[in-house]
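First up is the structure itself, then whatever we jot down about it.
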Amino acid sequence: MKRIPASWILTALLVLAPASASLLVAQLPQAPMPAGCSATAAQLAAEKNLVLDFYRPGITLRQLIALIDPGYVQHNPLALKLAQEKHISDYEEFSRLFTGIAASANPGSKNTLDGPARQGGRGPRVVILTAECDLVTAIVENTRRDPTAPPGTTYERFDFDTFRVRGGKLVEHWDNEEITPDRVDAMRKLQQPPAP
């Protein structure tokens, strides 16, 4: 029996979902909140909006960093590696990383903090967003170059970011990042001291 790749199934679901998503969601029973969770629908909506703000096109670096709590806990293995190498906090590494991204994505800008946090002010496209208690998960669509195909050939890839939200701030983060030599080199090139 031939296996169907999971990426094909996800693609099929994403293509079919817009036409039938509201019908399917309306028919699904609501999952009970985990024991000890007292989040209201309004609180969950506010948590989702905070995470959507993180991806908002046009968000400035200052606004992006303001979403992060100074006690931020990072579970991205690459960011953790870089923070440990420098003996700095997860929050400091986040600030340095996004300062480097903003500076390299918007060359010539004199005011990195008040300029776009991402290249051209664009933001990743969130295709799925869920919230439960104080955890919000975003499935984000990315386009990557296919190294096995002719130049200019790309493919869709879906990544996730899960944030813990408390007190109107992002306090913890998980994702599916991997440590590879290419990623480590690219991230190190982005590093620069945070803007004052």
- Query: When Asp114 is evaluated against the numbered criteria (1) assigned to a strand (DSSP E or B); (2) over 17 Å from the mean Cα position of the chain (by Cα); (3) acidic (Asp, Glu), which criterion, by number, is the only one it fails?
  - Reply: (1)
- Message: Could you go through region 148-156 and let me know if any residue there is closer than 27 Å to Ala41 by Cβ and assigned to a loop (DSSP other than H, G, I, E, B).
- Response: no
- If you go through region 117-146, how many residues are part of a loop (DSSP other than H, G, I, E, B) and surrounded by 14 or more Cβ atoms within 10 Å (Cβ to Cβ)? 6
- helices (runs of 4 or more DSSP H) wholly in region 1-97 with at least 1 residues that are basic (Lys, Arg) and at pLDDT 50 or above - which ones? 41-55, 61-66, 77-86
- Message: What's the total number of residues in region 98-108 that are more than 17 Å from Ile68 (Cα to Cα) and touching a strand residue (DSSP E or B) at 6+ places or on another chain (Cβ under 8 Å)?
- Response: 2
- Query: Taking region 147-165 as the region of interest, how many residues are farther than 30 Å from Ala66 by Cβ, surrounded by 12 or more Cβ atoms within 10 Å (Cβ to Cβ) and free of Cβ contacts under 8 Å to residues at least 24 places away in the same chain?
  - Reply: 1
- Task: Find all pairs meeting these conditions: Cβ atoms under 7 angstrom apart; at least six residues apart or on different chains; first residue within region 90-101 and among the small types (Gly, Ala, Ser); second residue part of a helix (DSSP H, G or I) and modelled with pLDDT of 90 or more.
- Result: Ser95/Ile65
- Item | Members of region 39-62 that are under 16 Å from Gly168 (Cα atoms) and among the polar types (S, T, N, Q) | Thr40, Gln43, Asn49
- Message: What pairs come out if I take residues in region 71-85 that are surrounded by 16 or more Cβ atoms within 10 Å (Cβ to Cβ) and pair them with residues that are part of a helix (DSSP H, G or I) and among the acidic types (Asp, Glu) whose C-beta lies under 6 Å away, six or more apart or interchain?
- Response: Tyr72/Asp90; Gln74/Asp90; Ala79/Glu93; Leu82/Glu93; Ala83/Asp90; Ala83/Glu93
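The values are calculated or read from the model by the stated rules, or taken from the named source; none is laboratory data. Since this is a predicted model, take the numbers as computed values, not measurements. Virtual Cβ from ideal backbone geometry, glycine too; neighbours counted across all protein chains shown.
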